[in-house]
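These notes are about the structure you will find just below.
The values are calculated or read from the model by the stated rules, or taken from the named source; none is laboratory data. This structure is a prediction, so every number in the text was calculated from the model and none was measured. Heads up, the Cβs are rebuilt from the backbone with ideal geometry, glycines too, and the neighbour counts pull from every protein chain shown. When the accessible area is computed, the model is the full protein with side chains, heavy atoms only, and any ligands, DNA or RNA have been set aside. Shrake-Rupley method; radii C 1.70, N 1.55, O 1.52, S 1.80 Å.
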Amino acid sequence: MKLLTLNFLTCARKACKTSAASFPLHPREAELEQVELDMNPQFIRNVLPRVEWEAMRSISQELGLPSLPDTAPGPEELADAEGGPTQILKDLHTLLMETTIASGKLLCANCGHEYAIKEGIANFLLPSHLV
Amino acid sequence: MSRPEDSLPPDLFYNDVESRKYTTSSRIRNIQADMTHRALELLDLQEPSFILDVGCGSGLSGEILSSVEEEDGGPHMWVGMDISSSMLAQALERDVEGDMLLADIGQGVAFRPGTFDAAISISAIQWLCNAETSDVSPEGRLKRFFDSLYASLKRGGKAVCQFYPKNAQQRSMITNAAIKAGFGAGILEDDPETKSVKVYLVLSVGGGDVTGAVS
Ligand SMILES: [Zn+2]
């Protein structure tokens with residue numbers, strides 16, 4: 001699972017919907033894997049305003065990744081004078097699109113439920129009593 | 001041919017043998033690809049978008065989303081949900097670029113409000129009408145799905161769901177659940193009145209009927 005996706009996931013339980021603690025989910029015992037992907041600058045430009053930067057910072061910290069700047073890069077920082085990708089854009093690509101959780105768990109801080117991740121796929125099937 | 005929906009729940013029906021059959025049958029692949037292209041055409045995305053693939057199966061439609069050329073507004077990034085782990089295993093084998101979740105769409109879509117630009121679903125949402133146990137109803141599953149799908153799309157976002165309604169009653173049950181969730185909805189039929197009729201539920205967040213063809 002890409003860190004981008006983790007930045008949009010919440011706990012699936014109905015009881016957690018209204019709780020701020022159900023986002024972000026917290027990675028536990030995570031095995032990271034870098035998966036190469038073609039850079040898509042326009043996609044990053046489009047999705048970046050939707051990324052919760054605070055959550056991105058805390059997720060990165062919990063995963064032991066280098067710490068991120070206090071605020072999200074602005075759109076003007078993504079392209080250089082010639083319109084080419086800046087180092088900031090390349091770093092965002094590496095972080096959001098290529099850094100993946102291959103296995104581990106995602107913990108909801110509100111209800112304590114853990115979602116297992118295997119082969120990069122998180123199991124969001126809830127037992128019926130938790131739905 | 002009997003409808004798979006009538007025999008078993010999808011996680012049991014799409015076991016390893018069925019999943020392989022489904023992914024390797026060139027006839028099914030072609031139909032799936034055609035319907036995905038049609039759904040993309042209806043979504044009319046102008047820029048690389050973040051797309052939810054509901055019932056992504058083995059990633060056939062996802063691969064198409066990933067391969068849309070730049071001049072056609074792509075390539076898109078997608079997250080898929082599917083209840084069948086064998087289908088998702090097939091997708092892993094084919095090294096798809098999107099992310100996938102093992103999830104039951106009848107339990108809802110667990111994403112923050114306004115996450116996706118668009119959603120696509122090929123041959124999946126009729127499964128919502130199957131309720132296997134006494135504590136869940138088709139109505140409850142449809143509501144949970146469409147309410148959360150609506151929330152997960154950004155304002156102005158669109159969803160196109162191709163599905164195989166069992167009958168007129170099921171078709172209106174599904175459409176009504178989408179409308180109740182707040183979607184502007186329309187039904188579009190390709191090859192109507194034929195055996196190969198294709199039904200597309202076209203949904204928009206914050207808009208009326210986008211097909212101009214209300215059922
Ligand atoms: Zn929770």
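Spatially, the range B:153-172 and the range B:76-130 are offset by 15 Å when compared through their Cα centroids.
Here the mean projected area of the convex hull built on the C-alpha positions of the range B:82-144 is 5.3 nm². With R₀ set to 35 Å, the beta-carbon distance separating A:Ser67 from B:Asp95 gives a calculated FRET efficiency near 0.65.
Karplus-derived 3J(HN,Hα) values for the range A:15-28, using 6.51 cos²θ - 1.76 cosθ + 1.60 with θ = phi - 60°, are 5, 8, 3, 8, 8, 5, 6, 7, 9, x, 6, 9, x, 10 Hz; glycine and proline are entered as x.
Since only A:His26, A:Pro85, A:Leu37 are under comparison, the one whose Cα sits farthest along the positive direction of the charge dipole of the range A:3-130, derived from C-beta charges on Lys, Arg, Asp and Glu, is A:His26. Placing +1 on each Lys and Arg Cβ and -1 on each Asp and Glu Cβ, with no other charges, gives the protein assembly as shown a dipole about its Cα centre of roughly 1440 debye. With a 10 Å cut-off around each Cβ of A:34-45, the average count of Cβ atoms from other chains is 3. For a 4.7 Å threshold on C-beta separation, the list of partnerless cysteines in chain A reads A:Cys111.
Here the scattering of chain B is modelled by Debye summation over its C-alpha atoms, one equal scatterer each and no solvent; at q = 0.10, 0.15 Å⁻¹ the log10 of I(q)/I(0) is -0.39, -0.94.
For the pairs A:Lys2/B:Lys154; A:Lys17/B:Lys195; A:Lys90/B:Lys143, note any where the Cα-Cα span goes beyond 31 Å. Beyond 31 Å between Cα atoms: A:Lys17/B:Lys195; A:Lys90/B:Lys143. Counting only alpha carbon atoms, the long axis of helix A:53-62 and the longest principal axis of chain A meet at about 70°.
Out of every Cα-Cα pair in the range A:3-130, what percent are more than 18 Å apart? Of all Cα-Cα pairs in the range A:3-130, 56 percent lie more than 18 Å apart. In a DSSP loop and with at most 13 other Cβ atoms within 10 Å, the trypsin sites (Lys or Arg not before Pro) in the range B:171-202 are B:Lys195. Given a 1.4 Å probe and the protein chains as shown, A:His26 ends up with an accessible area of around 40 Å². Taking the accessible area of the protein assembly as shown, probe 1.4 Å, and keeping the other protein chains in place, the carbon and sulfur fraction comes to 50%.
In order along the range A:78-92, phi translates into HN-Hα couplings of 8, 10, 7, 4, 8, x, x, x, 7, 4, 4, 5, 4, 5, 5 Hz, rounded to whole numbers, per the Karplus curve 6.51 cos²θ - 1.76 cosθ + 1.60 with θ = phi - 60° and x for Gly and Pro. In the protein assembly as shown, the alpha-carbon atoms span a convex hull of 137 Å³ per residue.
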